[in-house]
Amino acid sequence: MALVLLGGSVSPFVRKVRVALAEKGIDHEHQQVNPFAPPEGYREISPLGKIPALKDGDRALADSSVICAYLEKKHPQPALYPSDSYDYARALWFEEFMDGGVVPQLGPKVFFPLVLKPLFGGKQEPDPTDVEAAQQAWQEASRFFEYLEGQLGDREYLIGNQITIADIAVASPFVNMRHAGFAPERKRFPKLRAFLDRMWSRPSFKKVIEEETPIFGKRSANITD
Ligand SMILES: N[C@@H](CCC(=O)N[C@@H](CS)C(=O)NCC(=O)O)C(=O)O
């Protein structure tokens, strides 16, 4: 039986799993679930009520990092986790860096008010006060971008010389920022921005971005640099 991924496509954590599934070429179904209006019984699958969750027959798992780790064990090739112990732990760290730092800082202050709030409220444009607060939050997030810029150095990938879960975990939430009309400034963060361009042009990311942009990404046209 095929795996079933549960969760709305626009979640950075659902996207992370979708990209991992695509990179590994794993056959699956995808069911859209809104965590704020979940189907009955959803908490039995995801006790924290969050998306994503994964069903594998009568087994269920929640949390993108847990799900990706499971996928790696079940489908080891192509590997998305480094084999070296330290590199492996660093890959897990980048997942946590985004999950525990960048997304909590930018999701509620940039993506939600600029994209979801107007969409659900039937408005063409976000409130000007929300735009101002988003710009402020974006500036405050510079410290995160500086860190990523330094971690990338001149490498193509964050760790080693092939794509890992770290690259997917970092690039996915920046898709939400792109939908909101924000991207790390090319002049100030050239390595991070080039990295995101490379990641987003992979077939795995390209497919999901092309699906989402007509619905959520109208503000991405505002990105000029
Ligand atoms: N650590 C979790 C984070 C998941 C998460 O925060 N998902 C959000 C959507 S982007 C959610 O379901 N929020 C609903 C809630 O917190 O009740 C993961 O990696 O899956």
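The figures follow:
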{"item": "Those aspartates and glutamates that a straight Cα-Cα span of less than 12 Å connects to Lys74, excepting residues fewer than 8 apart in one chain", "result": "Asp56"}
{"item": "Qualifying GluC sites (Glu not before Pro) in segment 1-84, DSSP loop, other Cβ atoms within 10 Å at most 15", "result": "Glu40"}
{"item": "DSSP beta bridges in the chain [antiparallel fraction, %, rounded to 5]", "result": "65 percent"}
{"item": "Choice from Asn176, Asn34, Asn161 showing the highest fluctuation, given a GNM over the chain with Cα pairs closer than 10 Å", "result": "Asn161"}
{"item": "Normalised contact order of segment 155-225, rounded percent, pairs of Cα under 8 Å and 6 or more residues apart", "result": "38 percent"}
{"item": "Global form of segment 90-225, assessed from the alpha-carbon gyration tensor, a/c cut-off 1.5", "result": "prolate"}
{"item": "Surrounding net charge for Leu116, when Lys and Arg each add one and Asp and Glu each subtract one, Cβ distance under 14 Å", "result": "+1"}
{"item": "Unsatisfied cross-links (Cα-Cα over 25 Å) in the set Lys55/Lys123; Lys109/Lys218; Lys16/Lys109; Lys117/Lys218; Lys16/Lys191", "result": "Lys55/Lys123"}
{"item": "Taking N as its residue count, the alpha carbon Rg of segment 96-162 over 2.2 N^0.38 Å", "result": "1.40"}
{"item": "Contact order normalised by residue count of segment 95-213, Cα under 8 Å, 6+ apart, percent", "result": "27 percent"}
{"item": "Cα shape, segment 1-117, gyration tensor, a/c 1.5 rule", "result": "oblate"}
{"item": "Within the chain, longest stretch free of exposed trypsin sites (Lys or Arg not before Pro) [DSSP loop, at most 12 other beta carbons within 10 Å]", "result": "1-122"}
{"item": "GNM result for the chain, Cα springs below 10 Å: residue of Trp93, Trp200, Trp138 fluctuating most strongly", "result": "Trp93"}
{"item": "The chain: relative contact order as a whole-number percent, Cα under 8 Å and 6+ apart", "result": "21 percent"}
{"item": "Distance between segment 58-91 and segment 140-206 - C-alpha centres, whole angstrom", "result": "20 Å"}
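Computed from the coordinates by the stated procedures, all read-outs in this text should not be read as laboratory data. Please read these numbers as outputs of a predicted model, since none were measured by experiment. So basically every Cβ, Gly included, is an ideal-geometry build from the backbone, and we count neighbours across all protein chains shown.
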